Structures are given as structure tokens and as C-alpha cells.
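Each remark here refers to the structure printed beneath this line.
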Amino acid sequence: MGKVEKIGGRNLKIDTSFPFIKESYILKQGDYEQGTILQLEEVTGKLEKLSGDGSPHSILSEDYSNETAEIKAVVYLTGCFNNGDLVYPEGKSLADFKEKLREKTIFVR
């Protein structure tokens, strides 16, 4: 296993030998925790928290709070992540999204 990189209060990234591709996207208004799994709203092209039946798009790189306006946030499009530090929709777990995450080249251990 590769080096563990500490980001914020979480050990989000693991196996740093695997490429982590980052990009900025607009987040819909709300409070977001680092490690939140996000989905892309097709109509607006903005990211929001993954719903229970949604399709994963990316992983949020840090905490964001944007109650008054939409903001650009840095997300991971690919990488290998620590399961214990990801934020899933309420009542859901890795088992519910593992294959969909793999399709996006997002691996979770």
C-alpha cells in the first residue's frame, strides 16, 4: 500500500501511486464535507451530494459551505480513497456504489 496523505481532518487519499485527477466544478448551495461523493446534475452541469439512486461523479477534496451562493470547488475525478473517510448518502455504503465508482476510475479500499 502506498503512502497515506493527510488532507484536512481525514485520511482521504490512499495509494498515492495511482493518479489523482482534480478539476473545479460549481457546487450547488449547501454544506459539504470533505470526502462527500458527488453527482452531476445534467441540466445545470453543477455538482450536488449523491442521492441514494444517483450516479457518482467525483469526490469532494475539502469542506465547503456555500449557503448564499454557488461556488467553484475542487473535486477528484479519479483516485484511490479510504472508505472510512468517504461520505455516502444516508443509509447507503460502498456496496451500493462500488461498481459505479469503478466505472469512473474511483477506487475505494
- prompt: Taking Cα pairs under 8 Å and at least six residues apart, what relative contact order does the stretch 5-108 come out at, in percent?
  reply: 32
- request: Tell me which residues come under 5 Å, amide H to amide H, from C80 once H is placed; ignore anything under 5 positions away on its chain.
  value: I14, F107
- prompt: Residue separation times 0.36 nm, minus the C-alpha to C-alpha distance between I21 and D53: what's the value?
  reply: 9.0 nm
- request: With a cut-off of 17 Å, note down the residues of the stretch 51-79 whose backbone N falls inside the zone around a label point 7 Å from the Cα of V43 toward its beta carbon.
  value: 51, 54-55
message: Whole angstrom only: what separates the Cα centroid of the stretch 22-62 from the Cα centroid of the stretch 91-108?
response: 14
message: Suppose only helical runs count, i.e. DSSP H with n ≥ 4. What mean residue ellipticity at 222 nm does that imply for the chain under -39500 (n - 2.57) per run, divided by all residues and rounded to the nearest 500 deg cm²/dmol?
response: -2500 deg cm²/dmol
- prompt: Once amide H atoms are placed 1.01 Å from N in the peptide plane, what residues at a sequence separation of 5 or more from K22, or on another chain, have their amide H within under 5 Å of its amide H?
  reply: L77
task: Can you spot the aspartates and glutamates whose alpha carbon is less than 19 Å from K104's alpha carbon? Ignore those fewer than 8 places along the same chain.
output: D15, E23, E41, E42, E48, D53, D85, D96
- prompt: Karplus couplings for the stretch 53-58 from phi (6.51 cos²θ - 1.76 cosθ + 1.60, θ = phi - 60°), rounded to Hz, Gly and Pro as x?
  reply: 10, x, 10, x, 10, 6
query: Which label marks the calculated value of volume of the Cα convex hull per residue in Å³, given the options (1) 134; (2) 94; (3) 120?
result: (2)
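Each reported figure results from applying straightforward, stated rules to the coordinates on display, with no laboratory input. This structure is a prediction, so every number in the text was calculated from the model and none was measured. Cβ atoms come from the backbone with ideal geometry, glycine included; neighbour counts cover every protein chain shown.
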